[in-house]
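What follows is a single structure, written as structure tokens, with notes after it.
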Amino acid sequence: MPHFFVSPKNIRGGSFVLAPEESAHVARVLRKKTGDEIRLFDGENRAFRGVLQAVTPERVSGRIVAERPGVAAPYVLRLFQAIPK
């Protein structure tokens, strides 16, 4: 099941709305329909399971059916770029 980012400000009272870029991906590329389930995360260590209620390339909305706290990674990842000669 695909995971999608949803801004915490777009989660209200058990419903959610995806950003226009995510909406286009869900509707056009993945061809999800009303009633399909997706996983969501909000970047604040929370994860959700949602059911789609309205699917258009401009706007995808739905309701949250389950919420669970995200799992923090047990490690810290740091990336460094080497400077070429």
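Summary table below
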item: Qualifying residue in segment 52-59 (condition: assigned to a strand (DSSP E or B), surrounded by 13 or more Cβ atoms within 10 Å (Cβ to Cβ) and touching a residue at least 40 places away in the same chain (Cβ under 8 Å)); result: no
item: Complete set of residues in segment 1-35 that are at pLDDT 90 or above, open to solvent by less than 50 Å² (accessible area, probe 1.4 Å), assigned to a loop (DSSP other than H, G, I, E, B) and on the phi < 0 side of the Ramachandran plot; result: Val6, Ser7, Leu18, Ala19, Lys32
item: Residue tally, condition surrounded by 15 or more Cβ atoms within 10 Å (Cβ to Cβ) and not hydrophobic (A, V, I, L, M, F, W, C), over segment 60-85; result: 2
item: Residues within segment 29-78 that are among the basic types (Lys, Arg) and either closer than 15 Å to Phe5 by Cβ or out of contact with any strand residue (DSSP E or B) (no Cβ under 7 Å at 6 or more places or on another chain) (or both), tallied; result: 5
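The values are calculated or read from the model by the stated rules, or taken from the named source; none is laboratory data. Note that the structure is predicted; figures quoted are calculated from it, not measured. Glycine also receives a Cβ, built like all others from the backbone with ideal geometry; neighbour counts cover every protein chain displayed. Heavy atoms of the whole protein, side chains included, go into the accessibility calculation; ligands, DNA and RNA do not. Shrake-Rupley method; radii C 1.70, N 1.55, O 1.52, S 1.80 Å.
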